[in-house]
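The values are calculated or read from the model by the stated rules, or taken from the named source; none is laboratory data. Keep in mind that what you see is a predicted model, and the values were worked out from it rather than measured. Heads up, the Cβs are rebuilt from the backbone with ideal geometry, glycines too, and the neighbour counts pull from every protein chain shown.
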Ligand SMILES: *[C@@H]1O[C@H](CO)[C@@H](O)[C@H](O)[C@H]1NC(C)=O
């Protein structure tokens, strides 16, 4: 296995997800194809910790993203998790989806696919809802899965669900409730994830 480039994305709340470019394909993660631009290049923005219903300067940052996105003619947006503060989405009808996503990232250049993974805050909500493909009928940009690959000819981006690796969310959840449906039994989930990504 040969690594060309590797980014570790972290933020001040926690480590959510990492993606890296790799030359070798793994067969078992869901794979999405995303073409490059006609000149063979690829541009995208990466954002995390954003769903604040416009507060905490989210709206201002969204506007700046729109300008940069236009300049770079981005192909897509990557989101590293903590998509909806504080506690993820409650259901498929949660208005936070519109108020933190659709109505915030309105710029023309951001009307591209958004490749999302879950963060620890998302795991405090209804995970199945946030992962639901039904959101695509609300906003066709939305794509959220636990772990997957985006293949873009010149690069493969690996999205890996790292929140379940963090012990403290299991052993010291404090007053937070995490939705681990689909993750338990944890050891099985983690070893399978390591197998398909290695
Ligand atoms: C928004 O950004 C301004 C300018 O950087 C900053 O002074 C302010 O504290 C920010 N507001 C919030 C709620 O983070």
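Here are a few things to note about the model shown:
- Whichever residue in the stretch 35-63 is over 27 Å from residue 89 (Cα atoms) and in contact (Cβ under 8 Å) with a residue 12 or more places away in the chain and, among such residues, is surrounded by the fewest Cβ atoms within 10 Å (Cβ to Cβ): 40
- Hey, residue 93 without any contact (Cβ under 8 Å) to a residue 12 or more places away in the chain and in a loop (DSSP other than H, G, I, E, B) or not: yes
- Residue among 143, 98 that alone is in contact with a helix residue (DSSP H, G or I) (Cβ under 8 Å, 6 or more places away or on another chain), assigned to a strand (DSSP E or B), touching a residue at least 24 places away in the same chain (Cβ under 8 Å) and within 26 Å of residue 65 (Cα to Cα): 143
- For the stretch 64-77, a residue qualifies if it is loosely packed, with under 13 Cβ neighbours inside 10 Å and either part of a helix (DSSP H, G or I) or within 16 Å of the ligand (Cβ to nearest atom) (or both), and the qualifying residues are 64, 67, 71.
- Hits in the stretch 53-76 - residues which are touching a helix residue (DSSP H, G or I) at 6+ places or on another chain (Cβ under 6 Å) and over 29 Å from residue 149 (Cβ atoms): 53
- Selected residue (criterion: nearest to residue 153 (Cα to Cα)) from residues of the stretch 34-63 that are over 18 Å from the mean Cα position of the chain (by Cα) and within 16 Å of the ligand (Cβ to nearest atom): 63
- Hey, residue 80 away from the ligand (no atom under 15 Å from the Cβ) and crowded, with 20+ Cβ neighbours inside 10 Å or not: yes
- Selection count where residues are surrounded by fewer than 16 Cβ atoms within 10 Å (Cβ to Cβ) and either in contact with a strand residue (DSSP E or B) (Cβ under 7 Å, 6 or more places away or on another chain) or under 16 Å from residue 47 (Cβ atoms) (or both), scope the stretch 92-102: 1
Here is a yes/no grid of residues against (1) closer than 19 Å to residue 196 by Cα; (2) crowded, with 19+ Cβ neighbours inside 10 Å:
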residue: 137; (1), (2): no, no
residue: 142; (1), (2): no, yes
residue: 150; (1), (2): yes, yes
residue: 156; (1), (2): yes, yes
residue: 167; (1), (2): no, no
residue: 171; (1), (2): no, no
residue: 174; (1), (2): no, no
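- Exactly one residue out of 3, 21, 12 is modelled with pLDDT under 95 and within 16 Å of the ligand (Cβ to nearest atom): that is 12.
- The stretch 104-140: number of residues that are touching a residue at least 24 places away in the same chain (Cβ under 8 Å) and assigned to a loop (DSSP other than H, G, I, E, B): 17
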